[in-house]
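Let me begin by presenting the structure, written as structure tokens, before commenting on it.
The values are calculated or read from the model by the stated rules, or taken from the named source; none is laboratory data. Here the structure is a predicted model, which is why all the values come from computation and not from measurement. Backbone-built Cβ (ideal geometry, glycine too); neighbour counts: all protein chains shown. To get the accessible areas, we keep the full protein, side chains included, count just its heavy atoms, and leave off ligands, DNA and RNA. Shrake-Rupley method; radii C 1.70, N 1.55, O 1.52, S 1.80 Å.
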Amino acid sequence: MDFLNFDFEEDEDENGEMSEGSTSAEILSVTDTTDKTEEKSRDENSDTDLEIEDVDRSFATIKGAELYIEACKLVGVVPVSYFIRNMEEPTMNLNHHGLGPKGTKAIAIALVSNTTITHLELEDNWILGEGTTYLVQMLRENCYIQEMNISNNHLNTDGAEAICRMFYSNISNIRTVQLSGNNFREETALYFSESLMVNYRVIELDLSHNEFADKGGEQLGQMLANNESLEVLNLSWNHLRMKGAVALSAGLRANGSLKVLDLSWNGFGNEGALALGEALKVNNVLNELDISSNHINNEGTLKLCKGLEVNGTLRILKMSHNPITVEGAIALVSCVRKNTSTKMEEINISNVLVNEGFIKLLDVVCEIRPELDVIFGAVGGHVAHKIPPRPDAMKLIQNYLDEHKLRLWDFFKNMDKYGNMKIPVAEFRRTMMLQKKIPLDRVQVVELVRKLDQRKTGYVDYSNYKVEEPEQKPEVEEEEEEG
């Protein structure tokens, strides 16, 4: 593998193996001759810079904020006060702080021994490839950080090499990595492909807003066919066209772990939709697929439907901003109707103008698939005759509860199978459609869900309606009081 020859400094013992703590020592060393010259010049002109005679020994005895401040003095950057104040918090958000490679090195030095931060946000800091190597070296020692966002940092090929070396060696506990908008071109796809084929730690990966095209699609498709740990992959806003789509779909056919795949804002076209449809006939793991804005028209939709008619795992399909008409919309709903094993909960075709025939079909399908929600555009013809407003669903529920002297809290609690005050939207929708005590139609249930899940989390959170139960005195205390 070419990228494994990347010049990555390592200390080895006499047996050729990496010695313990060598990476820490490497990070804590002075950068290069230029940095030393600049530091000497600063010392001559300033009485506040700390003179460190033995860097390794000095840094080995300090931790936390003190270590970070010393590191900043060593590399010649101004400390970030937010970092100092929040070093004991699980999430560290340093987005848009202008750290640069040197500021990143100081942060990396301080994080080597940090045990509390698990989520590190470093988006938009001009980290470059140089700064990425410092982060990777730090992650060799720090086993606590599990989520890292280094999107929009101009990592380019050098940064991709450093990150992929970490992936290939499985040397960190990172589970979620966001690498959006880092100018990764076609040649870097090979690095990601070969490293992720053997990686077993990364679960979520964001490679959106990069420049992967046909070759990238082929390489990443091979990765999908061999990776056994990745569950979420975002490849939106790349340049994946027909060949790239076909290659990715081939990888998806063989994949057994991926649950969420975002391919929106590429250019799959109808041939890509056909390839995805064939993949969905075989794949039995994928839960969510986003192919919004991919130049897929009714012809491509019909080809995709061939897979949807037999697929038994996909729950969410997003196809907005494609040139689909009501014919394509009807085909999507019809294939859900035909598939007796479907798990479909949401189809998003929000830009499609539908008609009365579609609405009637959707109402029929929702009677047998009450958990299904189809998000579409306006209904043609409704401008001419205004539809009378339906009664507010929440008011109908409250009236029913008041009439039967029941509490809203108990109403939700009876639907909560897991006891965590969060009901999955699909289960809530199904329950409300099937219950007979409060007459609600599909549109009312849709509006009710939108009110109860305004942030679109996928859950109806009813914790705001919690009622504190009165405390009951223990029986023993009551007996003592009577005595």
Can you name the number of the only condition in (1) out of contact with any Phe, Trp or Tyr (no Cβ under 7 Å at 6 or more places or on another chain); (2) open to solvent by 50 Å² or more (accessible area, probe 1.4 Å) that V232 fails?
-> (2)
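For A213, are the conditions met, namely being under 17 Å from S264 (Cα atoms) and buried (at least 17 other Cβ atoms within 10 Å of the Cβ)? Before the answer, list the steps.
Values: under 17 Å from S264 (Cα atoms): yes; buried (at least 17 other Cβ atoms within 10 Å of the Cβ): yes.
In short, yes.
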So, first residue among the small types (G, A, S) in segment 280-308, second residue open to solvent by 10 Å² or more (accessible area, probe 1.4 Å) and not in a loop (DSSP other than H, G, I, E, B), Cβ within less than 6 Å, six or more apart or across chains; the pairs are S292/K318; G300/N270; G307/K281
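If you check S208 against the conditions, is it open to solvent by 10 Å² or more (accessible area, probe 1.4 Å), free of Cβ contacts under 8 Å to residues at least 60 places away in the same chain and touching a Phe, Trp or Tyr at 6+ places or on another chain (Cβ under 6 Å)? Quick ask: steps written out before the conclusion?
Working: open to solvent by 10 Å² or more (accessible area, probe 1.4 Å): no; free of Cβ contacts under 8 Å to residues at least 60 places away in the same chain: yes; touching a Phe, Trp or Tyr at 6+ places or on another chain (Cβ under 6 Å): yes.
Taking the combined requirement at face value, the residue does not satisfy it.
With open to solvent by 100 Å² or more (accessible area, probe 1.4 Å), out of contact with any Ser or Thr (no Cβ under 7 Å at 6 or more places or on another chain) and either closer than 30 Å to E356 by Cβ or at pLDDT 85 or above (or both) as the only criterion, which of P424, P439 stands out? Give the steps one after another, and end with the answer.
Numbers: P424 fails: open to solvent by 100 Å² or more (accessible area, probe 1.4 Å).
After ruling out the rest, the residue left standing is P439.
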Pairs returned, first residue in segment 232-245 that is among the hydroxyl-bearing types (S, T, Y), second residue that is in a loop (DSSP other than H, G, I, E, B) and open to solvent by less than 40 Å² (accessible area, probe 1.4 Å), beta-carbon separation under 8 angstrom, 6 or more apart or interchain, are S236/S208; S236/L263; S236/S264; S236/N266
Give segment 93-109 a look and list any residue that's in contact with a Gly (Cβ under 8 Å, 6 or more places away or on another chain), buried (at least 21 other Cβ atoms within 10 Å of the Cβ) and part of a loop (DSSP other than H, G, I, E, B), or say none.
-> L99
Looking only at segment 177-204, count how many residues are in a strand (DSSP E or B) and within 18 Å of N156 (Cβ to Cβ).
-> 2
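Quick check on S180: is it at pLDDT 95 or above, over 22 Å from C143 (Cα atoms), open to solvent by less than 10 Å² (accessible area, probe 1.4 Å) and under 20 Å from the mean Cα position of the chain (by Cα)?
Numbers: at pLDDT 95 or above: yes; over 22 Å from C143 (Cα atoms): yes; open to solvent by less than 10 Å² (accessible area, probe 1.4 Å): no; under 20 Å from the mean Cα position of the chain (by Cα): yes.
Considered against the rule, which asks whether it is at pLDDT 95 or above, over 22 Å from C143 (Cα atoms), open to solvent by less than 10 Å² (accessible area, probe 1.4 Å) and under 20 Å from the mean Cα position of the chain (by Cα), S180 comes out as no.
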Residues of segment 416-428 being free of Cβ contacts under 8 Å to residues at least 60 places away in the same chain, in a helix (DSSP H, G or I) and either more than 18 Å from Q398 (Cα to Cα) or of a type outside the set (F, W, Y) (or both), in sequence order, are E427
Output for segment 72-92, where each listed residue is surrounded by 18 or more Cβ atoms within 10 Å (Cβ to Cβ) and touching a residue at least 40 places away in the same chain (Cβ under 8 Å) | L74, V75
Taking the options E327, E299, name whichever one is more than 18 Å from F376 (Cβ to Cβ), of a type in the set (D, E) and out of contact with any Pro (no Cβ under 8 Å at 6 or more places or on another chain).
-> E299
Every residue from segment 167-176 that is over 20 Å from the mean Cα position of the chain (by Cα), outside any loop (DSSP other than H, G, I, E, B) and not polar (S, T, N, Q) = Y168
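For segment 61-71, check the following and say yes or no: at least one residue is under 15 Å from L120 (Cβ atoms) and modelled with pLDDT of 95 or more. It would help to see each step written out before you state the result.
So in segment 61-71, the residues under 15 Å from L120 (Cβ atoms) come out as 68.
Still in the running and modelled with pLDDT of 95 or more: 68.
Scanning segment 61-71, I find at least one residue that is under 15 Å from L120 (Cβ atoms) and modelled with pLDDT of 95 or more, so the answer is yes.
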